[in-house]
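For reference, the structure is listed below as structure tokens.
We did not get these values from a lab; they are worked out from the coordinates using the rules stated. Fair warning: this is a prediction, and the values are worked out from it, not measured in the lab. Heads up, the Cβs are rebuilt from the backbone with ideal geometry, glycines too, and the neighbour counts pull from every protein chain shown.
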Amino acid sequence: MADNILIKNKKSWDAMADSWFGTTALPTYGCLIPTEDELKLFPDLRGKKVLDIGCGSGHSLKWCGDNGVSELWGLDMSTKQIENARKFLNENGYAPTLFNSPMELDCGLPKEYFDIVYSIYAIGWTVDLQTTFNNIATYLKKDGVFIFSWDHPIMHCVDVQDDKIIFKGCYLNEDIFSYIQHGNPVTIKNRKLSTYINALVKAGFMVEQLVEETNDVTLTWPAEFSSGYYTPYKAKKFPLSFIIKARKILLRPMSK
Ligand SMILES: C[S@@+](CC[C@H](N)C(=O)[O-])C[C@H]1O[C@@H](n2cnc3c(N)ncnc32)[C@H](O)[C@@H]1O
């Protein structure tokens, strides 16, 4: 079943790659949350080897290049995203090493090699979170840093009805569900925040920071009610995205 989901999601990401060109990329972490310029979660990037998981169009990798990294590596299961990223980065003077593979597979990336692995709005697409975190841990050097952002799990529990936000779901249910994104069917799984944190710990990480914030501009904005998914009205009440910064402290993951 997981393989089936990957095949279908890949087809959809290939079809919609162009409509995601540079949409979620560093220094932006997500929706209406503080940026890297404000949070400063990344260490000094000069001379570092970085790997982007779900690199999309390569805009986050460009940001890393502009900040002085020595090696740019990226992984994405969408062939079209990889093509877009390669073209975009080459046009900007960078020569990245890009892997066209699902993050769940060992695709031959070097082990204990990277100073920093990050992922901006891609980790939640994994069909196997523990294997993905275990893989990421093996790519990192000991004491290397892993930073990722994703939709806050509370987003799956709320909906809008008339002019109100209502609690529609169950935070505890880690359901797999499908929906249409940019005209294409995609399948994804809900996960609790604790599921991410516990999987990180099992993979040999220590969590250094969990960011659950809305940015200051939004908080001071007199936002009217509106019915979209990512709205300032919601963001004034709860974070729309979360960010985790973790450090690899064990040489080997604790569990498969
Ligand atoms: C919202 S985009 C991320 C944008 C990107 N981080 C950037 O900085 O431009 C999500 C990306 O995750 C990729 N993706 C989805 N599922 C994946 C998987 N299982 N393995 C690897 N990449 C995946 C998609 O192809 C897509 O490029």
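With all pairs of different C-alpha atoms in the average, the Kirkwood value for the hydrodynamic radius of the stretch 146-256 is 16.0 Å.
Note on Glu83 and Val158: their simple-model spin labels are 3.9 nm apart, each label 7 Å out from Cα toward Cβ.
Spacing of the modelled spin labels on Ala223 and Asn4, each 7 Å from Cα toward Cβ, amounts to 3.8 nm.
For the stretch 62-152, the equivalent ellipsoid built from the Cα gyration tensor has semi-axes of 20, 16, 13 Å, listed from largest to smallest. Bridging of Lys11 to lysines at a Cα separation below 16 Å is possible for Lys80, once same-chain residues fewer than 8 apart are set aside. Here Ser178 and Ala15 are evaluated by their C-beta separation; at R0 = 22 Å the FRET efficiency comes out at 0.90.
Normalised Debye scattering of the stretch 9-92 at q = 0.11, 0.20, 0.21, 0.27 Å⁻¹ gives log10 I(q)/I(0) of -0.29, -0.92, -0.99, -1.34, counting only Cα atoms as equal scatterers and leaving out solvent. Mean residue ellipticity at 222 nm, helices only, the chain: -7500 deg cm²/dmol; runs of at least 4 DSSP H residues each add -39,500 (n - 2.57), and the sum is divided by the number of residues. Computed from phi, the 3J(HN,Hα) profile of the stretch 162-172 under the Karplus parametrisation 6.51, -1.76, 1.60 (θ = phi - 60°) reads 6, 10, 10, 8, 10, 8, 9, x, 10, 4, 6 Hz, with x in place of Gly and Pro. Measuring nothing but how far apart in sequence close Cα pairs (under 8 Å, 6+ apart) lie, relative to its length, the stretch 1-117 scores a relative contact order of 26 percent. Pairs of Cα atoms nearer than 8 Å and 6+ residues apart set the relative contact order; for the stretch 123-256 it is 36 percent.
Averaging the sequence gap over all C-alpha pairs within less than 8 Å and six or more residues apart, then dividing by the number of residues, gives the chain a relative contact order of 20 percent.
The orientation-averaged projected area of the convex hull spanned by the Cα atoms of the stretch 205-256 comes to 5.3 nm². Equivalent ellipsoid of the chain: semi-axes from √(5λ) of the C-alpha gyration tensor, largest first, are 28, 20, 20 Å. If the label point is 7 Å along Cα→Cβ of Lys236, which residues in the stretch 26-41 have backbone nitrogen under 20 Å from it? Within reach of a label on Lys236: 31-34. Scanning the chain for GluC sites (Glu not before Pro) lying in DSSP loops with no more than 16 further Cβ atoms inside 10 Å, the longest uninterrupted stretch between such sites is 1-111.
Pairs Lys87/Lys111; Lys8/Lys234; Lys62/Lys164; Lys189/Lys245: which are spaced more than 29 Å apart, C-alpha to C-alpha? Exceeds cut-off: Lys8/Lys234; Lys62/Lys164.
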